[in-house]
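K.L.:
Please find one structure pasted underneath; my questions will follow.
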Amino acid sequence: MTDSDRVLVLGSGFAGVWAALGAARRLDELGAAGTVDVTVISAKPFHDIRVRNYEADLSACRIPLSDLLDPVGVGHIAAEVTAIDTAARTVTVTVSGDGAGGTQRYDRLVLALGSRVAKPDIPGLREFGFDVDTYDGAMKLQRHLATLSNGRAGVGAATAVVVGAGLTGIETASELPGMLAKACHAEPRVVLIDHNPHVGSDMGDSARPVIEAGLSENGVETMTGVGIAAVDEHGVTLSTGEVLAAATVVWCAGMRANPLTAQFDAERDRLGRLPVDDYLRVIGSPGVFAAGDVAAARVDEGHLSVMSCQHGRPMGRYAGYNVVGDLLGEPMLPLRIPWYATILDLGPAGAVYTEGWDRQVVTRGAQAKATKVTINTERIYPPLNRDRDALLAAAAPTLQARPDPGQ
């Protein structure tokens, strides 16, 4: 080890923040705090609670990175990562705003750049479509909704189309009737569209009736087995040729890992994720770890990780612990997550909480909603008091107990 040893963590989402804190914790445990430079590179100086972007109030969803990193001695570079050279062990960056940039060297790298919504080349989608993929995207949608009361939106002003009836699409569609009613002072219409034959197709047979009932209770219409052919300022054209007038179109159809994963010499999965071993080392790329949505990690004997904060947070903690162990020749820990749960917010209709990979319903309605609120406002947050000891303690490479469905 030399004084120049450096760990770079790319990304400041759930996996990135917890990888940085996990690395700081492991260095502290080994009595090596201050001997290894740990630095996060991310375009914005925030940790965003991305999974809440569908909600109407995002005031608590953006946390200054300085509150999390400064107390534990982790640095931050506000820049966009544009290239990764694993042979030279360098990262090329562009500084946000002015186009300046350069290269940053590393001894060990944690790739935690997350995922993004997949937008196909549908005419008009990028120009007229909204999304809740990022905090900025969600705020852009909210600003758009606030303009609907001025009457310029014309026919369809109080109508929104949500494309993609997965978890994000269902949660967004469930919130939109209330948001539209407030903005337009008119009877809202929300249409949830998916090319699959059912809404919530990944949620299984146990949860589907609960989801369908919740959407109906919220006044959300569903159209399945149909796609989108075009989007314009007046609405959408369906694959059937039917036109739906709508002032608001929200795209929630599919996620893909950050495209920089293509720069690694590895066979990615259908979501663009990199294969990692039990210690979260990228297979075929010495010195590189991956966590969160860019990594396909085995969490038990039969399942790979899913793109979720449920897996991204522990993957980050373990990656931070192991990247320091790999650098300093200390033991590493294999990642295993023996339980799986899903909780889906259904807006005013409550929520549905399932356990197991077959997603068996445990609770629903108001009881499940209470659990969802606890998760969204407490469980997934790091300590916010700038307390070094609290931050390091929270970064331990351990697994949270499964949520209490009785809350």
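K.L.:
Mind telling me which of the residues 340, 381, 321, 353 ends up being in contact (Cβ under 8 Å) with a residue 60 or more places away in the chain and either touching a Pro at 6+ places or on another chain (Cβ under 9 Å) or more than 24 Å from residue 60 (Cβ to Cβ) (or both)?
P.N.:
Selected residue: 321, the only one of 340, 381, 321, 353 that is in contact (Cβ under 8 Å) with a residue 60 or more places away in the chain and either touching a Pro at 6+ places or on another chain (Cβ under 9 Å) or more than 24 Å from residue 60 (Cβ to Cβ) (or both).
Quick grid of which residues meet (1) polar (S, T, N, Q); (2) within 27 Å of the chain's Cα centre (by Cα):
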residue	(1), (2)
7	no, yes
19	no, yes
29	no, no
39	yes, yes
43	no, yes
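K.L.:
Give the range 344-369 a look and list any residue that's under 27 Å from residue 180 (Cα atoms), open to solvent by less than 40 Å² (accessible area, probe 1.4 Å) and not β-branched (Val, Ile, Thr), or say none.
P.N.:
344, 345, 346, 347, 349, 350, 351, 353, 365, 368
K.L.:
Next question, about the same structure. Restricting attention to the range 380-404, which residues are of a type outside the set (A, V, I, L, M, F, W, C) and open to solvent by less than 60 Å² (accessible area, probe 1.4 Å)? Let's see the steps before the verdict.
P.N.:
Residues of the range 380-404 of a type outside the set (A, V, I, L, M, F, W, C): 381-383, 385-389, 397-398, 400, 402-404.
381, 382, 383, 397, 403, listed by residue number.
K.L.:
For residue 374, are the conditions met, namely being farther than 25 Å from residue 6 by Cβ, hydroxyl-bearing (Ser, Thr, Tyr) and part of a helix (DSSP H, G or I)?
P.N.:
Numbers: farther than 25 Å from residue 6 by Cβ: yes; hydroxyl-bearing (Ser, Thr, Tyr): yes; part of a helix (DSSP H, G or I): yes.
Answer is yes for this residue.
K.L.:
Also, quick follow-up: Please pick out the residue among 363, 371, 354 that is at pLDDT 95 or above, polar (S, T, N, Q) and over 21 Å from the mean Cα position of the chain (by Cα). If you could, list the steps in order and put the result at the bottom.
P.N.:
On the way: 371 fails: over 21 Å from the mean Cα position of the chain (by Cα); 354 fails: over 21 Å from the mean Cα position of the chain (by Cα).
Of the residues listed, the single one that is at pLDDT 95 or above, polar (S, T, N, Q) and over 21 Å from the mean Cα position of the chain (by Cα) is 363.
K.L.:
Of a type in the set (Val, Ile, Thr), open to solvent by less than 20 Å² (accessible area, probe 1.4 Å) and over 20 Å from residue 118 (Cβ atoms) - does that describe any residue in the range 322-330? Full working, then the answer.
P.N.:
Of the range 322-330, the ones of a type in the set (Val, Ile, Thr) are 323-324.
If we keep only those that are open to solvent by less than 20 Å² (accessible area, probe 1.4 Å) as well, we get 323-324.
Still in the running and over 20 Å from residue 118 (Cβ atoms): 323-324.
Yes: the range 322-330 contains one or more residues that are of a type in the set (Val, Ile, Thr), open to solvent by less than 20 Å² (accessible area, probe 1.4 Å) and over 20 Å from residue 118 (Cβ atoms).
K.L.:
Here's something else I'd like to know. Within the range 359-373, can one find any residue that is aliphatic (A, V, I, L, M) and farther than 24 Å from residue 200 by Cβ? Outline the logic, then answer.
P.N.:
At the first step, the residues of the range 359-373 found to be aliphatic (A, V, I, L, M) are 361-362, 366, 368, 370, 373.
Still in the list and also farther than 24 Å from residue 200 by Cβ: none.
Looking through the range 359-373, none of the residues is aliphatic (A, V, I, L, M) and farther than 24 Å from residue 200 by Cβ.
K.L.:
I've got another one for you. Would you mind finding the one in 8, 113, 65, 21 that is at pLDDT 95 or above and farther than 26 Å from residue 372 by Cα? If you could, list the steps in order and put the result at the bottom.
P.N.:
Details: 113 fails: farther than 26 Å from residue 372 by Cα; 65 fails: farther than 26 Å from residue 372 by Cα; 21 fails: farther than 26 Å from residue 372 by Cα.
After applying the criteria, what remains is 8.
K.L.:
For residues that are small (Gly, Ala, Ser) and more than 26 Å from the chain's Cα centre (by Cα), tally how many sit in the range 181-230.
P.N.:
Initial filter on the range 181-230 (small (Gly, Ala, Ser)): 181, 183, 186, 200-201, 204, 206-207, 213-214, 216, 219, 225, 227, 229-230.
After this cut, where a residue has to be more than 26 Å from the chain's Cα centre (by Cα) as well, the list is 181, 183, 186, 213, 216, 219, 225, 229-230.
Looking only at that region, the number is 9.
K.L.:
Still on this structure: For the range 193-296, please list each of the strands (runs of 3 or more DSSP E) lying entirely inside it that holds at least 3 residues being buried (at least 16 other Cβ atoms within 10 Å of the Cβ).
P.N.:
Working: elements: 220-224, 228-232, 235-238, 243-245, 248-251, 255-257, 288-290.
Those strands (runs of 3 or more DSSP E) span 220-224, 228-232, 235-238, 248-251, 255-257, 288-290.
K.L.:
Something else about it: Among the residues of the range 7-26, is any touching a helix residue (DSSP H, G or I) at 6+ places or on another chain (Cβ under 8 Å) and exposed (fewer than 15 other Cβ atoms within 10 Å of the Cβ)? Spell out the reasoning first.
P.N.:
As a first pass, look at the range 7-26 and keep what is touching a helix residue (DSSP H, G or I) at 6+ places or on another chain (Cβ under 8 Å): 7, 9-26.
With exposed (fewer than 15 other Cβ atoms within 10 Å of the Cβ) added as a condition, the list becomes none.
The answer is no, given that none of the residues of the range 7-26 is touching a helix residue (DSSP H, G or I) at 6+ places or on another chain (Cβ under 8 Å) and exposed (fewer than 15 other Cβ atoms within 10 Å of the Cβ).
K.L.:
OK, next. So which strands (runs of 3 or more DSSP E) stay within the range 73-175 end to end and still have 3 or more residues that are open to solvent by less than 50 Å² (accessible area, probe 1.4 Å), in contact (Cβ under 8 Å) with a residue 24 or more places away in the chain and among the small types (Gly, Ala, Ser)? If you could, list the steps in order and put the result at the bottom.
P.N.:
Numbers: elements: 75-85, 90-95, 101-105, 108-111, 115-117, 159-163.
Here the list reads 75-85.
The values are calculated or read from the model by the stated rules, or taken from the named source; none is laboratory data. Please read these numbers as outputs of a predicted model, since none were measured by experiment. Because the Cβ atoms are built from the backbone with ideal geometry, glycine has one as well, and the counts that use them run over all protein chains shown. When the accessible area is computed, the model is the full protein with side chains, heavy atoms only, and any ligands, DNA or RNA have been set aside. Shrake-Rupley method; radii C 1.70, N 1.55, O 1.52, S 1.80 Å.
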